[in-house]
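The values are calculated or read from the model by the stated rules, or taken from the named source; none is laboratory data. Keep in mind that what you see is a predicted model, and the values were worked out from it rather than measured. Positions of Cβ are generated from backbone atoms using ideal geometry, with glycine treated the same way; all protein chains shown enter the neighbour counts.
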Amino acid sequence: MNIRLNGTEQSVADGASVSTLVSQLTGRSIGPDGRAADGQKLGVAVARNAEVVPRSQWHATALADGDDVELVTAVQGG
């Protein structure tokens, strides 16, 4: 299936969740609570179809064909 990720078409597996997507993009395992399995901070926020998805809901939020997902990564400095 295809989603729009930060304005670009992205193919994801059927049944993928927000957690699955974040894990693929960061290269880190994500626990069911939305935290990185290694205990380090992720610095990531996700919105699906213009609504913020709370980290605690990443695992339970399934992606659907055509979803518009924005993934924002915190950057130090500024």
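I'd like the full set of residues that are polar (S, T, N, Q), surrounded by 11 or more Cβ atoms within 10 Å (Cβ to Cβ) and out of contact with any Asp or Glu (no Cβ under 7 Å at 6 or more places or on another chain), limited to the stretch 1-25. Scanning the stretch 1-25 gives Q10, S17, S19, T20, S23, Q24. Each residue in the stretch 26-53 was checked for being closer than 22 Å to D68 by Cα, hydrophobic (A, V, I, L, M, F, W, C) and surrounded by 13 or more Cβ atoms within 10 Å (Cβ to Cβ), and 7 pass. State which residue is farthest from N2 (Cα to Cα) when the search covers only the stretch 20-47 and only residues that are more than 9 Å from the chain's Cα centre (by Cα) and in a strand (DSSP E or B). So the residue we want is A36.
Based on what the data block shows, is S56 in contact with a His (Cβ under 6 Å, 6 or more places away or on another chain), part of a helix (DSSP H, G or I) and either under 19 Å from A74 (Cβ atoms) or of a type in the set (A, V, I, L, M, F, W, C) (or both)?
For S56, the condition - in contact with a His (Cβ under 6 Å, 6 or more places away or on another chain), part of a helix (DSSP H, G or I) and either under 19 Å from A74 (Cβ atoms) or of a type in the set (A, V, I, L, M, F, W, C) (or both) - is not met.
Any residue at all in the stretch 59-69 that is charged (D, E, K, R), at pLDDT 95 or above and not in a strand (DSSP E or B)? Yes, some residue in the stretch 59-69 is charged (D, E, K, R), at pLDDT 95 or above and not in a strand (DSSP E or B). In the stretch 55-74, the residues that are among the polar types (S, T, N, Q) form Cβ pairs under 7 Å with partners that are in a helix (DSSP H, G or I), at six or more places apart or across chains, as follows: T61/V18. Listed conditions (1) modelled with pLDDT of 95 or more; (2) under 18 Å from A74 (Cα atoms) are all met by E9, apart from (2).
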